[in-house]
Amino acid sequence: MIGFDVAFWILAIIGVIAALMVVFLRNVFRSALSLILCFLSVAGIYFTLSADFLGAVQILVYVGGISVLIILAIMLTREVQRGSPSNKLRIPAFIVAIVFLGVVGYTLLNTPWQLSTAAPLEHTTANIASKLLGEGGFILPVEIAATLLLAAILGAIVLVREK
Amino acid sequence: MITSPGLNLEQYWQILPPDWPGGFLWHWLVFTIIIIVFVLLLVMGYIWLERRGMGRMQARLGPNRLGPFGLLQPVADAVKVLIKEDLVPTNADKVVHLLAPIVAFTPTLMIFAVVPFQNGALLADLNIGILYVVAISSVSTVGVFMAGWGSNNKYSLLGAMRNVAAVVSYEIPLVLSIIGVVLIAGSLSLNQIVLAQDIPFILLQPLGFLLFFIAGCAEINRSPFDLMEADSELVAGFHTEYSGMKFALFYLVEYAEALAIASIITTLFLGGWRGPLLPPWLWFVIKVIIVFFVMVWTRSTLPRVRIDQLMALAWKFLLPLALINLLITGIQVLAWPDALPWGVIFLNFAIAVVLVLLWSKLFKLGWGRVEV
């Protein structure tokens, strides 16, 4: 599996460097672009793990949807032509990020991960569909999550609407 | 594994072990070059067809000096634009300005990796084919945004913003009209969709085809939806500050996207490579050119819409019709007997005509009001 190893390391290094660039670049727009690169490398890792559907959805939702919304939001900030310089909250943000990193790292290292011995699926879409819509499927949680998101959007609109 | 050998490439996989990267690399290299050459040739053909076709429709000649019927004009244009000076604005974000055309072009080219030119795609017959196309094509928007922002120019930024507004709105009816086809074909793989089309899906899904065509034209910003580079308002939109080779790349993206949408329409609705007598790839090319000709036709017929009309068309016209189309298709797939394909064709055409007429009565674009 030499090809997969090479692909994994290339994608992992690109992803980590892009994630660091998101934090360290002074220019907010460039940070958003590095975030897109990070999302793409994560999608690439999904592809190498035989999760092709998940990878495509990652690109569709995160690169095509969320990143575009982030960039659109950046366009609405002040001093956009100079790249929206950051404010004075760098030290508190650094502390919060370090604490979060510590919690995530501790959880990762102390969880007994279960390794599946099953071979990767050849055709993922049919299996996802039967998990979703078949007997005892996950359609109800998915619908509830969608309704929750819709309620959140409506709430945001009500909050910012002019009288 | 996400790749599978197309065509007659089993020899490669027998000589080398399937896990060996070298065999895959050769496959990749050869067919990538074939696809790039195909895209470049057809884009030049498209440019010629557009300029000559629009010339005829506007009662003028179009470029007719270079070569027979002016066929060599796109080549001369390409050479001209490639040897032009590359200008970058002083206050531009140099890196973003440089990367923008590349980020816009790469996804467009990647779409052709899954398009079946004959039985089996050239590079990868993905099981998630059409989802891959939708996902990858959404990355191009980022390139346009980079161009608009990196140029440090208000017109560029406005053009990019309009583009994003259009793409985000029109993606929804586009994907919903694809789902109708996927429901009938029962697969996301483009080659499986072609194989399922004993009757071309344009007959089974006339409304879906119409919605996909309109939404596709809006997605790639072809006239009448070319608001983001509306010459009279925004100079040239997001590529105002581009010249030389980078401008050539954006020009290429514009036509390569048109080619990509034409290929997807051909694959989803017109039976793809299937057809009698002629070889499959020739059928594919003929259908792609016909679809593009219809795009040229609409471009020279219809005036450009306003930005509020653009949004209203997406949300008030295309989205409800796409939802209704999806519902009707779902009912038909579940309940209609397979033995009666002609009945469903007549029914669907009737439904399409009634719905389009009804919706154009229910709301007229903007009613002459301007509200954004």
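The values are calculated or read from the model by the stated rules, or taken from the named source; none is laboratory data. Every value quoted in this text rests on a predicted model; they were computed, and no experiment measured them. Because the Cβ atoms are built from the backbone with ideal geometry, glycine has one as well, and the counts that use them run over all protein chains shown. For the accessible areas, the whole protein counts, side chains as well, though only heavy atoms, and no ligand, DNA or RNA atoms are used. Shrake-Rupley method; radii C 1.70, N 1.55, O 1.52, S 1.80 Å.
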**Q.** Selection count, the range A:8-32, where residues are at pLDDT 85 or above and open to solvent by 30 Å² or more (accessible area, probe 1.4 Å)
**A.** 12
Q: Could you grab me the full set of residues in the range B:99-110 that are more than 11 Å from chain A (Cβ to nearest Cβ) and either of a type in the set (Phe, Trp, Tyr) or open to solvent by less than 10 Å² (accessible area, probe 1.4 Å) (or both)?
A: B:Pro101, B:Ala104, B:Phe105, B:Thr108
Q: Return the residue satisfying two criteria in turn: it lies in the range B:111-145 and is of a type in the set (Phe, Trp, Tyr) and within 10 Å of another protein chain (Cβ to nearest Cβ), and of such residues it is least open to solvent (accessible area, probe 1.4 Å).
A: B:Phe145
Q) Is it the case that A:Ser31 is without any contact (Cβ under 8 Å) to a residue 12 or more places away in the chain and within 22 Å of A:Leu101 (Cβ to Cβ)? A) yes
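Quick grid of which residues meet (1) touching a Leu at 6+ places or on another chain (Cβ under 9 Å); (2) surrounded by 18 or more Cβ atoms within 10 Å (Cβ to Cβ); (3) at pLDDT below 85:
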| residue | (1), (2), (3) |
| --- | --- |
| B:Gly6 | yes, yes, yes |
| B:Glu10 | no, no, yes |
| B:Pro17 | no, no, yes |
| B:Leu29 | no, no, yes |
| B:Val43 | yes, yes, no |
| B:Tyr46 | yes, yes, no |
| B:Ala59 | no, no, no |
| B:Gly70 | yes, yes, yes |
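Kindly indicate the residue of the range B:79-98 that is open to solvent by less than 70 Å² (accessible area, probe 1.4 Å), of a type in the set (A, V, I, L, M, F, W, C) and more than 11 Å from chain A (Cβ to nearest Cβ) and also nearest to B:Lys154 (Cα to Cα) among those meeting that condition.
Pass one, the range B:79-98, residues open to solvent by less than 70 Å² (accessible area, probe 1.4 Å): B:81, B:88-89, B:92-93, B:96-97.
From what is left, the residues that are of a type in the set (A, V, I, L, M, F, W, C) are B:81, B:88, B:92, B:96.
Checking the rest, the ones that are also more than 11 Å from chain A (Cβ to nearest Cβ) come to B:81, B:88.
On the way: B:Val81: 24, B:Val88: 15 Å.
The residue in question is B:Val88.
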Q. Is it true that some residue in the range B:279-286 is of a type in the set (Val, Ile, Thr) and more than 30 Å from B:Met44 (Cβ to Cβ)?
A. no
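For residues that are loosely packed, with under 13 Cβ neighbours inside 10 Å and in a helix (DSSP H, G or I), scanning just the range A:113-130, find the one that is farthest from the other protein chains (Cβ to nearest Cβ).
Here is the first cut: in the range A:113-130, the residues loosely packed, with under 13 Cβ neighbours inside 10 Å are A:113-120, A:122, A:129-130.
Next, only the ones that are in a helix (DSSP H, G or I) stay: A:129-130.
Working: A:Ala129: 10, A:Ser130: 14 Å.
Per the criteria, the residue is A:Ser130.
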